[in-house]
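Below is one structure, written out as structure tokens; comments come after it.
The values are calculated or read from the model by the stated rules, or taken from the named source; none is laboratory data. The model shown is predicted, which means the values in this text are computed figures rather than measured ones. Methodologically, a virtual Cβ is constructed for each residue, glycine included, from the backbone with ideal geometry; neighbour enumeration extends over all protein chains shown. For accessibility, only protein heavy atoms count, side chains too; no ligands or nucleic acids. Shrake-Rupley method; radii C 1.70, N 1.55, O 1.52, S 1.80 Å.
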Amino acid sequence: NAGVTQTPKFQVLKTGQSMTLQCAQDMNHNSMYWYRQDPGMGLRLIYYSASEGTTDKGEVPNGYNVSRLNKREFSLRLESAAPSQTSVYFCASSEATTPNYGYTFGSGTRLTVV
Amino acid sequence: LAKTTQPISMDSYEGQEVNITCSHNNIATNDYITWYQQFPSQGPRFIIQGYKTKVTNEVASLFIPADRKSSTLSLPRVSLSDTAVYYCLASGDSGAGSYQLTFGKGTKLSVIP
């Protein structure tokens, strides 16, 4: 099992460019999440999807959009990248109903906006 | 979501037992306590989870007193490969059929040879 797969692993964007970060999980999990992590900081929740067909804002949603394409895939889009969005982005998935099983995280996408 | 407080950093020698304590004074009745480990350039990894008393797995033990206002992660006989950031979280069902984890800055554990 691959678990949670994120693509790309690295990306450099110019200010104003757009891009989509892809995430796919093969564990049949209902819930999926996007976090960002800045140097020396914990992870901050951007958006999450409790189940296929639903999405909700997290702590820091401004400048981002998401799409829950199907049960496996949850993408994060930056419409007009800004230097403040330079960060490492992590996708995660979990069983939806209780926290008993924890989250499974991907290996991250390191994004630099210049 | 209950706020958690844990030390910013800890140092330990190889082979020692390490205990990292986390306080969560306003933990809710349905919150579970979960610990994650994060190595540089990797996503966090689930270590252990508990609700009350003691939980043990092949990696660590988790001690939770009866009042549940704190918890202690115990790592037996640490090695250099245990150098990582450890996050303590308290979370429960938000009522929308899912739950969201809030990560603080964690505890940076440095294991010294």
Checklist entry - Out of all the residues in the stretch A:9-66, which are farther than 17 Å from A:Ser107 by Cβ, among the small types (Gly, Ala, Ser) and out of contact with any Gly (no Cβ under 6 Å at 6 or more places or on another chain)? => result A:Gly16, A:Ser18, A:Ser31, A:Gly40, A:Ser49, A:Ser51, A:Gly53, A:Gly58, A:Gly63
Item to check | Top-ranked residue in the stretch A:51-77 [being among the small types (Gly, Ala, Ser) and open to solvent by less than 30 Å² (accessible area, probe 1.4 Å); ranked as nearest to B:Val85 (Cα to Cα)] | outcome: A:Gly58
Item to check | Of all residues in the stretch B:77-101 being open to solvent by 60 Å² or more (accessible area, probe 1.4 Å) and either more than 7 Å from chain A (Cβ to nearest Cβ) or at pLDDT 95 or above (or both), the one that is nearest to B:Asn19 (Cα to Cα) | outcome: B:Arg77
Checklist entry - Looking at the stretch A:36-50, which of its residues are closer than 21 Å to B:Ala84 by Cβ, at pLDDT below 95 and buried (at least 22 other Cβ atoms within 10 Å of the Cβ)? => result A:Leu43
Item to check | Residue check, A:Ser80 outside any loop (DSSP other than H, G, I, E, B), away from chain B (no Cβ under 14 Å) and surrounded by fewer than 17 Cβ atoms within 10 Å (Cβ to Cβ) | outcome: no
Checklist entry - Could we say that A:Ser93 is away from chain B (no Cβ under 13 Å) and outside any loop (DSSP other than H, G, I, E, B) here? => result no
Next on the checklist: Tally up the residues in the stretch B:18-51 that are within 14 Å of another protein chain (Cβ to nearest Cβ) and at pLDDT below 90, please.
Outcome noted: 8
